[in-house]
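Scroll down for the structure; my scribbles are underneath it.
The values are calculated or read from the model by the stated rules, or taken from the named source; none is laboratory data. All values derive from a computational prediction rather than experimental measurement. Note: ideal-geometry Cβ built from the backbone for every residue, glycine included; neighbour counts use all protein chains shown. We work out accessible area using only protein heavy atoms, side chains counted, and drop any ligands, DNA or RNA first. Shrake-Rupley method; radii C 1.70, N 1.55, O 1.52, S 1.80 Å.
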Amino acid sequence: MCGIVGYIGEKQALPIIIDALKRLEYRGYDSAGVAVLVDGSVEIIKTAGKIRALEELLSSRSISTTMGVGHTRWATHGEPSTANAHPHCDCSGRVAIAHNGIIENYLSLREELQAKGHRFTSETDTEVIAHLVEENLRDGNLESALRSAIRRLQGSYAIVAMNQEEPERLLVARKDSPLVIGLSEGANFVASDIPAVLPYTRRVYILEDEDIGIVTREGITLSNEGGDPVSREEFAVTWDAEEAEKGGYEHFMLKEIHEIPRAIRDTMRTRVTDDNRLNLEEIKLSEEEIRSLDRIFIIACGTAYYAGCVGKSIFERLLRIPVEVDIASEFRYRNPIFSENSLAIIISQSGETADTIAAMREARRGGVKALGIVNAIGSSIYREADCIIPTWAGPEICVASTKAYTSQLIALYLIALHFAQVRGRLSVEEVACLLAEMKHLPEQVQRIFDREDKIAALAEQEELKQCRDFFFLGRGLDYSASLEGALKLKEISYIHSEAAAAGELKHGPLALITKGMPVMAICVQQELRGKMLSNIKEVAARGAHIIGLVKESDSETEKAVAEVIRIPENDELFMPVLTIIPTYLLTYYLSKALGREIDQPRNLAKSVTVE
Ligand code: M6R
């Protein structure tokens, strides 16, 4: 998400910081800033927009400094603006903080600090860190002040702090958000990502959770939160810059698939308490409005639409009210019939898809409130929707959407559970049981990653590499996952792929099944398992090469398929989050085996901003 850079050394710091920030641009950002020491005072220069805009601001100044911190922000708390850009400072302007991550308890901390007289100038969660440090800086020691401050923080952070009274050091701390220290002669670096420092050094320390570090030009001192010294092994980076951007993965697609557990956790974080209660105050719909809903429209394009297909089943099951799911480009021209108490749920990773924006406006013109599920904070849908549930997938770079899809599913589950609770269809205890199940998802996705070698080996089979057509089969929620699986495969591998609702086979698609044709059969819904098994046998009888996605306990379906990928078991509502993972991995490895342009497939763009 955001990018952090820090430098302390003998050279002019600003050109190095700006250059290093540019090396993190691939991660996406909406504002940028630097904090430097000028004539013994901290000075913060920041702006909304790109690093180019920051450079313009800096060009009118002649700043000479050998130490500083830079940041590129991907908005989370508060819109992209100059005030919300990092670094942030305390009331006195002596302390500057750059931060990546999310401070979950920032609202209560902010209230507490405001009551003590601290003045806030941004809407960010980060700013509480600067004021907490200020609160503890009475003896003038940044290290102990930072140590006390982070004891109060819940959530994730990578922090770089500077204090004008201590011009010879940068302080760093991390928990659940990456931070590295780059080592070189007469200078040291801090960065959220290795590519930032690669032109300057290949020697890095990768900090671990709860590490706190003092970085000076001569060296590094590391300790844990309790103050005991710790040492980290020096790591020699052998990748080139492009490989490093991908975190050692060959493609962004694979990196982003592997970020799914983190993205799920982040999308649940702050919304699900430790004792499994829902906290969705950010949905600005009153309980009365939620109770009176009589129809929901889910509107989106592509992958986001397929997330909506899962959403339809979930909302109808849990709420028993009619849900229509629409492709945005169809919705905007079909003259839909709204009721007085309709709600439109608009799903979009980019928040800039032209058809989705137009469809949202159409719904709002019809008097319908729009609830946006959006990944890009500050985007058009984010700004125009009546209320927003952001997904915390982080920037998605590969054209194919993967971690955004699973985060959209999580957001839909949370909204559905919230509505079900408010409408009295589920008790607080029943919701708590379901949330407890949801919390297993990241670790279960990880368990599917443990089977990645097997999936990669499947992609080397000639039946798959030579095929012209590929079918996905499923029923119910498994059919919804099939739709997304088929889109991904066609988008990246260029193999013609289709999803069929298994019950429809005999009404047409079965005519296309020929000997050796690959069919991925998703079969993890207990109630539909018998029917699905019959469909699997139908395609097997026509010689299809069947890859079955089956529950770990389902030994019967396993016998009916040529290849099996076992899926860990969770409540059936949540199984699409798990079944989609092997389809993504198979798409990736098959496309790689076919030599495709994985991150930028032909003819496609990441954000479709024209109709
Ligand atoms: O940014 P959005 O979620 O609105 O984008 C919608 C589709 O363009 C997008 O999901 C597209 O289908 C992906 N390339 C699929 O992987």
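Overview of results
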read-out: Tally, over region 350-407, of residues that are open to solvent by 10 Å² or more (accessible area, probe 1.4 Å), among the polar types (S, T, N, Q) and more than 8 Å from the ligand (Cβ to nearest atom); value: 1
read-out: Those helices (runs of 4 or more DSSP H) lying entirely in region 417-466 with at least 1 residues without any contact (Cβ under 8 Å) to a residue 12 or more places away in the chain and open to solvent by 60 Å² or more (accessible area, probe 1.4 Å); value: 428-438, 452-458, 462-465
read-out: Leading residue by the ranking (farthest from residue 167 (Cα to Cα)) among those in region 2-31 that are in contact (Cβ under 8 Å) with a residue 60 or more places away in the chain and among the basic types (Lys, Arg); value: 27
read-out: Answer from 283, 290 - the residue that is modelled with pLDDT under 95 and either away from the ligand (no atom under 16 Å from the Cβ) or surrounded by fewer than 24 Cβ atoms within 10 Å (Cβ to Cβ) (or both); value: 283
read-out: Top-ranked residue in region 554-611 [being open to solvent by less than 10 Å² (accessible area, probe 1.4 Å) and of a type in the set (Ser, Thr, Tyr); ranked as farthest from residue 264 (Cα to Cα)]; value: 557
read-out: Members of region 468-497 that are closer than 17 Å to residue 545 by Cβ and either touching a Leu at 6+ places or on another chain (Cβ under 8 Å) or part of a helix (DSSP H, G or I) (or both); value: 469, 470, 471, 472, 473, 482, 485, 486, 489, 493, 495, 497
read-out: Residue 262 open to solvent by less than 30 Å² (accessible area, probe 1.4 Å), more than 16 Å from the ligand (Cβ to nearest atom) and under 18 Å from the mean Cα position of the chain (by Cα); value: no
read-out: Residue in region 513-529 that is more than 16 Å from the ligand (Cβ to nearest atom), open to solvent by 20 Å² or more (accessible area, probe 1.4 Å) and hydrophobic (A, V, I, L, M, F, W, C) present; value: yes
read-out: Residue pairs meeting the criteria (Cβ under 9 Å; at least 6 apart or on separate chains; first free of Cβ contacts under 8 Å to residues at least 12 places away in the same chain and among the small types (Gly, Ala, Ser), in region 216-227; second in a loop (DSSP other than H, G, I, E, B) and open to solvent by 50 Å² or more (accessible area, probe 1.4 Å)); value: 226/210
read-out: Residue check, residue 222 farther than 17 Å from residue 204 by Cβ and open to solvent by less than 60 Å² (accessible area, probe 1.4 Å); value: no
read-out: Search result, residues across region 160-179 that are open to solvent by 10 Å² or more (accessible area, probe 1.4 Å) and either outside the structural domain of residue 144 (by TED's automatic domain parsing) or assigned to a strand (DSSP E or B) (or both); value: 174, 175
